[in-house]
Amino acid sequence: KEMRLCPLFREIFPSSMIVAPFKNVMKSVLNQGKKENISLGVVPGGFSEAVFSNSASNTEYAYLKGRTGFVQLAIEAGVPILPIYQFGISDLYRTPKTLRGLRARIAQRIAWPMVLWFGRWLTNQPLLGPDQFVYTVVGKPFQTSSYTTADVNRAHDDYCNHLKSFYNEYKTIFNTSS
C-alpha cells in the first residue's frame, strides 16, 4: 500500500520512502524508525490548506480542527511532534476562488485534491519574485510523553496552542502579518 505504486509516482520520486497514510503503515514506520533512526512526516492540513491557499492577502491557514489522529499516533508511539512551518508557501500559486469551502470539504472526504492551481503565466512555475522567498522553520518538539491515549483531545488542543505560539514567534521575522 505504498504511494510508490501510484502511476508515475515512483518515477518522479524514485528514492522516496513515502508510504500510504494508513495508521498501521505509519505505526510500522515509527517502530522501524526507533531501530533505524527514521522519522515520519505527516501533513495533517493537506487538501483543505491547498484549496484555501492564497484566499486572503497575508493570511496563512492551518487546518487541524478535528484532526487528532497524528497526535494519537505520536502518543501511542511515545514520540514527540516536531512542528515545521513554511512561511510564504501560500504565495507560490493561485487557486480558483469558486466554491472553496465546498471543494475543501469534498476533497477531505474523498481524499483527492480538488485544487486547480497555476503559477506564473498559468504554468506550474511559482509566482515568487526575485525578492520573495519561502522560509522553512523548525520549532521546538511538542512532547507527548505526559499524555495517554485518553488525553488525545487535550493533547491536540495543547499542540494547536504550541503551533500557534511557534507561528506567532516567527511571523513578523518572515513578513507574514496574520
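Here are the numbers for this structure:
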quantity: Gln132-Tyr170 FRET efficiency (beta carbon distance; Förster radius 22 Å; 0.05 resolution); calculated: 0.85
quantity: Lys97 versus Arg67: modelled label distance in nm, points set 7 Å from Cα along the beta carbon direction; calculated: 2.5 nm
quantity: Set of aspartates and glutamates near Lys34 by C-alpha distance (under 15 Å), chain-local residues within fewer than 8 positions excluded; calculated: Glu76
quantity: Partners for Lys65 among lysines (Cα-Cα distance below 18 Å; same-chain residues under 8 apart left out); calculated: Lys164
quantity: Label-point separation, Lys27 to Ser145 (7 Å along Cα→Cβ), nm; calculated: 2.3 nm
quantity: Nearby aspartates and glutamates by direct alpha-carbon distance to Lys140 (threshold 15 angstrom, same-chain neighbours under 8 apart not counted); calculated: Asp158, Glu169
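The numbers here are math on the coordinates, done by the rules we state, and not lab data. Bear in mind that the values here come from a model prediction, so they are computed numbers and not experimental data. Heads up, the Cβs are rebuilt from the backbone with ideal geometry, glycines too, and the neighbour counts pull from every protein chain shown.
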